[in-house]
1. Treating the angle as unsigned and between 0 and 90°, give the value, to the nearest 10°, between the Cα long axis of helix 328-338 and the longest Cα principal axis of the chain.
2. Once the Cα atoms of helix 54-65 and of the chain are each reduced to a long axis, what angle between those two axes, in degrees from 0 to 90 to the nearest 10, is obtained?
3. Express as a percent, rounded to the nearest 5, the fraction of DSSP beta bridges in the chain (both residues included) that run antiparallel.
4. Short version: ³J(HN,Hα) in whole Hz for each residue of the stretch 128-142, in order, from phi by Karplus 6.51 cos²θ - 1.76 cosθ + 1.60 (θ = phi - 60°), x for Gly and Pro, what are they?
5. Note down the magnitude of the dipole of the chain about its Cα centre, charges +1 on Lys and Arg C-beta and -1 on Asp and Glu C-beta and zero elsewhere, to the nearest 20 debye.
6. Would you please give the FRET efficiency between residue 107 and residue 297, computed as 1/(1 + (r/R0)^6) with r the Cβ-Cβ distance and R0 = 30 Å, to the nearest 0.05?
7. Give the cross-link partners of residue 382 among the aspartates and glutamates, using a straight C-alpha distance below 15 Å as the criterion and excluding same-chain residues fewer than 8 apart.
8. Whole Å is fine, so just give me how far the alpha carbon centre of the stretch 80-148 lies from that of the stretch 208-224.
Amino acid sequence: MATEAPEAPETLADAGAPILMVLDPMDCAEPKPEPEPAPHLNVLVLQGGGALGAYHLGVCEELATMGVMPDWVCGISIGAVNAALLAGNPEGKRLAALRTFWERVSSALDPGFAIPDGTARDLWSEGAAFWIATMGVPGFFVPRFPPAKLQPHGTLGAISYYDTEPLRQTLHELVDWDLLNDGPTRLSVGAVSVTTGRMHFFDSKGGPDQCRITADHVMSSGALPPGFPPVKIGEDWYWDGGIASNAPLQHVLDEGSEFDKNIFQVDLFPAKGPFPQTLMDADIRAQDIRYSSRTRLNTNLEMGLSPVRMVVRRVLDSCHPDLDALSEEELDVLRGFAHEQHVEIAQIIYRDKAYAGMARGYEFSRPTMEAHRAAGRRDAGKALAIRDWTLRPALVGVHSTDAGAPDGAIHQKPKPKR
């Protein structure tokens, strides 16, 4: 005998199924008008690399020519020194301070003429590096006497070959510390704790390590062992941040997330390079990889978070009653995570070096400094030609370009799906 089929429930609620109630937006509080977008930031990220830091000078000269002035400078090692010279001087004197520094540190070996590329360049640079290792660099560092092996154990002299007090004097001469800390340009410098191995970004305007920056903070960022001694800040000692991470890109992506950003990332070591042919080539290639930036890793991580941020925004916009169980602090955390920045990164990478030997980090001669500087202007010009960098970034999420890629291509991150 046939039985009547039960009448289908009209709704999931009639069937007793649990449901997630999504209210019509009109049921929520009156929608707030879209806020005016905050001013975008121009951020300059400077990698460490010793004498190669003269490349930063050329990049800064080209940025100024194009009318792009940094609102925030973040650096590690020699990048921290250059960053302090920028943030610690008024706009019209920044380049002069950078030039004064680089002319001073390269003054000991100035033949008065350019050295041609090729064998002559290599011979000059090897000789110059030997001289500098023996005699030091004016305004930067001098050899210890007696040498480290004859110094009492446990002293700074016993754990470093050079004394960096000349750098402290140079910084005090060229940097206005009140302007650096109270002026409009934000400064971040990275250093690593000798005792904990933890990376710190001493920051003039934000972040967990916000503080009033002094010469000690800048010098700690460039205290590369065993050449230079660690620097004491508070109760801890710090070494060069390049030991832990030689590029502070992640710091500027994490901090100031309420702002859109044009980021100019200046790298002194390329991640990509040819297969080595000799033992020296292998050493140089390993150094490039060790100190190169992890830009692709950073951008891929940020792009992977974009769909998650979109889902969180939809949940917040739904005004679901369960959100009432969250505290205002917890909601603020969700809102902060859900915010999607507009970030464009111009990668400016020093690939075609005037001198690429193992001593490139301490070859401070004048001809090589000028060659690094000219290369910085050349490569920055290519990057700035891509678009008008005085304008706000247009794409949602993180987008990076490398105008100096070997194939001449511009590598871009696609706009995430909304």
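The values are calculated or read from the model by the stated rules, or taken from the named source; none is laboratory data. Computed from a predicted structure; not experimentally measured. Counting neighbours? That spans all protein chains shown, and the Cβs are built from the backbone with ideal geometry, glycine included. All accessible areas refer to the heavy atoms of the entire protein, side chains included, with ligands and DNA or RNA removed. Shrake-Rupley method; radii C 1.70, N 1.55, O 1.52, S 1.80 Å.
1. Orientation of helix 328-338: about 70 degrees from the principal axis.
2. Long axis of 54-65 versus the principal axis of the chain: about 60 degrees.
3. Of those bridges, close to 35 percent are antiparallel.
4. 5, 5, 5, 4, 5, 4, 7, 9, x, 10, x, x, 9, 8, 10
5. Dipole about the Cα centre, nearest 20: 2100 debye.
6. After rounding, the FRET efficiency stands at 0.15.
7. 61, 62, 267, 352, 402, 407
8. Cα centroid to Cα centroid, the span is 21 Å.
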